[in-house]
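Here the structure is laid out as structure tokens; the discussion comes afterwards.
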Amino acid sequence: MTAIRRRGFDWLLNAYAGLALFYLLLPIAVIIVFSFNKPASRFNFIWEQFSLDAWKHPFAVPGVQDALENSLEIAAVSTVIATALGTLTALALVRYEFKGRSPVNFFIFIPLATPEVVLGAALLSQFLNWGSPKLGFATILIAHVMFNLSFVIITVRSRLIGFDRSLEEAAQDLGATPWQTFRLVTLPLIMPGVVSGALLAFALSIDDFVITNFNSGSTITFPLFIWGAARVAIQPQIYVIATMIFLVTVAAMIATVWQQRRAERMASVRPDEPELALEPARA
Amino acid sequence: MRLRKASLPYLLLLPGLGWLLLFFLLPLIYMALESLKTGTIDTGFRLTWEFSNYTNALSDYSEQFVRSFEYAGLATLIAFLIGYPLAYVIAFRGGKWRNAMLLLVIVPFFVTYLIRTLSWETILSDSGIVVSTLKSLGILSEDGRLLDTTVSVVAGITYNFLPFMILPLYASLERIDPRLLEAGYDLYGRRRDVFFRVTLPLSMPGVVAGGLLTFIPAAGDFINAQLLGTPKQFMIGNVIQSRYLVVADYPTAAALSFLLMAFMLIIVVIWARIAGTEALLGTEGERA
């Protein structure tokens, strides 16, 4: 009796989890399906008939190409800046003991706990008071680096925490300068963390609407373009582009996982076992 | 040489921290000053230390404030009810499918936020399959709709922030030593007892983190209310956005932003009391 009840419960739990996954995936499926639609009205809400028109001319909607280019450019530049600055900050926070470390840890957390609308509005207040730089590409870039920094710092930091410092000491014992040690030992070892941080930053940047909305001036990014379009018309092309971004992201994701697995396999041939490693040296 | 070593961490911190001081902290100060000004966009704004901006903003928009926290609270609760069983199944029964299932959890993030919200517009539209099914089942009246109602806005918010709930839940569930559960069963604990006395308490850090990560963006959101609702569903984010960007009533918008931030901080502090700051800041495991 109890065995049957238990099995029934197990089945129910799995079914519930399956439904939850279905809920998560449903809108994505709708987007992909409706990218093949030939809508009768300006809004792509009702299924009419299958068509490849939108896929043949994905950038046929005026303005969408410029918006996409702006988004990619801002995401790329802001990712590079945020990843570089964030990695240095994370290094300082994990590797060194200094006065004010815990307030800094707390300060870095605050932007994450601040609603986006507040981050955007505050930055706009400052730009309006300064009168410069002119709202546009530069101000969007500044904003994106700002909100990406905390994410990068936290991602890289989590990787650094499990870092075996005896490897660096070994390098220095063998006569490496601090810079050589950093370039040849530290950086390759923390690279997976840096890459995850960079990917996260790129994804957040390309997806951001709220903060960009406040600081964009007349520059249009892809999310801003959709926001404007949503009131007037939603062409199937927008769903086509969304599907393309989706596919590229999935491919990048799989490639990263694969690359990290490979890196882990290569790291696992290291002769030293973690049990044998001496207690981490204190600085 | 020793001096250079002591200053090295500060040098490493300088660029990143400087950026945050200049473009996160300083803007908050500008916004604080903005919130105490009077004037209009045509005549210009002057700093008059007008503290009544705050009381006026609060009384004028208390409805939207209350609604924001109601919607965000509701969305957080629903996300928890959807997310916990899923995280549990992935953590304890995922087996070799674990990573694949986790990938499915974050798949929504691969599609632009605005577009996945528009997708809900398609799903819940008046002629859509959900509405017609509910009508044929008699749950929804003949002229009933889902779009432009509280249901659609809360559904959209829940959906958009659900992965933020699931991932921390998974992380804390996955960390639980299965031997602890076995010990519970060995001591003749029933499933329910083991769950409520062992599993759930041990996963509390995930519950707290997931709740926070869902609630904060949800309460400040204005996209879902704008795209899936009507002004009747507008939240405080919608007011801040339109006061700033449409009406150019900067002092009110700035005051509202600070009130929102203050409410959030109060919630974070209460949450931190329950959870402990270490779990919240993610600094556990660092050298003391």
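The values are calculated or read from the model by the stated rules, or taken from the named source; none is laboratory data. All values reported here derive from a predicted model rather than from experimental measurement. Every residue, glycine among them, receives a Cβ derived from its backbone with ideal geometry; neighbour counts consider all protein chains shown.
Under the condition of being closer than 15 Å to A:Ala233 by Cα and buried (at least 18 other Cβ atoms within 10 Å of the Cβ), the residues counted in region A:29-59 number 7. In region B:245-260, the residues that are over 15 Å from B:Glu50 (Cβ atoms) reach residues that are at pLDDT below 95 and part of a loop (DSSP other than H, G, I, E, B) with C-beta atoms within less than 7 angstrom, at least six apart or across chains, in these pairs: B:Ala248/B:Ile41; B:Leu260/A:Pro115.
Exactly one residue out of B:Leu77, B:Leu26 is modelled with pLDDT of 95 or more, more than 8 Å from chain A (Cβ to nearest Cβ) and surrounded by 13 or more Cβ atoms within 10 Å (Cβ to Cβ): that is B:Leu77. A:Ala251 fulfils the conditions (1) surrounded by 15 or more Cβ atoms within 10 Å (Cβ to Cβ); (2) within 12 Å of another protein chain (Cβ to nearest Cβ); (3) within 30 Å of A:Trp47 (Cα to Cα) except for a single criterion, (1).
Check whether at least one residue in region B:91-105 is in contact with a Lys or Arg (Cβ under 7 Å, 6 or more places away or on another chain) and either farther than 30 Å from A:Gln260 by Cα or exposed (fewer than 13 other Cβ atoms within 10 Å of the Cβ) (or both), and report yes or no.
Taking region B:91-105 and keeping what is in contact with a Lys or Arg (Cβ under 7 Å, 6 or more places away or on another chain), we get none.
Checking region B:91-105: not a single residue is in contact with a Lys or Arg (Cβ under 7 Å, 6 or more places away or on another chain) and either farther than 30 Å from A:Gln260 by Cα or exposed (fewer than 13 other Cβ atoms within 10 Å of the Cβ) (or both).
Kindly establish whether A:Leu112 is at pLDDT 90 or above and either under 28 Å from B:Ala255 (Cβ atoms) or of a type outside the set (S, T, N, Q) (or both). Criteria not met by A:Leu112.
Residue check: is B:Leu58 without any contact (Cβ under 8 Å) to a residue 12 or more places away in the chain and either within 11 Å of chain A (Cβ to nearest Cβ) or among the hydrophobic types (A, V, I, L, M, F, W, C) (or both)?
On the way: without any contact (Cβ under 8 Å) to a residue 12 or more places away in the chain: no; either within 11 Å of chain A (Cβ to nearest Cβ) or among the hydrophobic types (A, V, I, L, M, F, W, C) (or both): yes.
No.
Looking at region B:131-138, can you tell me whether even one residue there is facing another protein chain (nearest Cβ under 10 Å), in a helix (DSSP H, G or I) and not small (Gly, Ala, Ser)? Scanning region B:131-138 turns up no residue that is facing another protein chain (nearest Cβ under 10 Å), in a helix (DSSP H, G or I) and not small (Gly, Ala, Ser).
Would you be able to say whether some residue in region A:44-56 is facing chain B (nearest Cβ under 10 Å) and modelled with pLDDT of 90 or more? Step through it out loud before you land on a result.
To start, the set of residues in region A:44-56 that are facing chain B (nearest Cβ under 10 Å) comprises A:44-47.
When the remaining residues are screened for being modelled with pLDDT of 90 or more, the result is none.
Within region A:44-56 (the criterion being facing chain B (nearest Cβ under 10 Å) and modelled with pLDDT of 90 or more), the answer is no, since none of the residues qualifies.
The set of residues in region B:92-128 that are over 23 Å from the mean Cα position of the chain (by Cα) and more than 8 Å from chain A (Cβ to nearest Cβ) comprises B:Phe92, B:Gly94, B:Gly95, B:Lys96, B:Trp97, B:Arg98, B:Ala100, B:Asp126. Exactly one residue among A:Thr212, A:Thr186 is within 28 Å of A:Pro62 (Cβ to Cβ) and surrounded by 12 or more Cβ atoms within 10 Å (Cβ to Cβ), and that residue is A:Thr212.
Residues checked against (1) within 8 Å of chain B (Cβ to nearest Cβ); (2) at pLDDT 95 or above:
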| position | (1), (2) |
| --- | --- |
| A:Phe107 | yes, no |
| A:Leu128 | yes, no |
| A:Gly131 | no, no |
| A:Ile140 | no, yes |
| A:Leu160 | no, no |
| A:Asp173 | no, no |
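Annotation note: of B:Val153, B:Val194, the sole residue that is in contact with a Gly (Cβ under 7 Å, 6 or more places away or on another chain), part of a helix (DSSP H, G or I) and over 15 Å from B:Leu77 (Cα atoms) is B:Val194.
Hey, can you tell me all the residues within region B:25-36 that are assigned to a helix (DSSP H, G or I) and under 19 Å from B:Leu256 (Cβ atoms)? Don't jump to the end; show me each part of the working.
Initially, region B:25-36 is screened for residues assigned to a helix (DSSP H, G or I), giving B:25-34.
Of everything in region B:25-36, those that are assigned to a helix (DSSP H, G or I) and under 19 Å from B:Leu256 (Cβ atoms) turn out to be B:Pro27, B:Leu28, B:Ile29, B:Tyr30, B:Met31, B:Ala32, B:Leu33, B:Glu34.
Screening A:Leu124, A:Leu85, A:Leu91, A:Leu112 for residues that are more than 7 Å from every other protein chain (Cβ to nearest Cβ) and assigned to a helix (DSSP H, G or I) leaves exactly one candidate, A:Leu112. Of the set (1) touching a helix residue (DSSP H, G or I) at 6+ places or on another chain (Cβ under 8 Å); (2) closer than 28 Å to A:Asn213 by Cβ; (3) free of Cβ contacts under 8 Å to residues at least 24 places away in the same chain, all apply to A:Ala138 but (1). Has region A:95-117 got any residue that is touching a helix residue (DSSP H, G or I) at 6+ places or on another chain (Cβ under 7 Å), assigned by TED's automatic domain parsing to the domain that holds A:Ile153, surrounded by 24 or more Cβ atoms within 10 Å (Cβ to Cβ) and farther than 20 Å from B:Leu212 by Cβ? Taking every residue of region A:95-117 in turn, none turns out to be touching a helix residue (DSSP H, G or I) at 6+ places or on another chain (Cβ under 7 Å), assigned by TED's automatic domain parsing to the domain that holds A:Ile153, surrounded by 24 or more Cβ atoms within 10 Å (Cβ to Cβ) and farther than 20 Å from B:Leu212 by Cβ.
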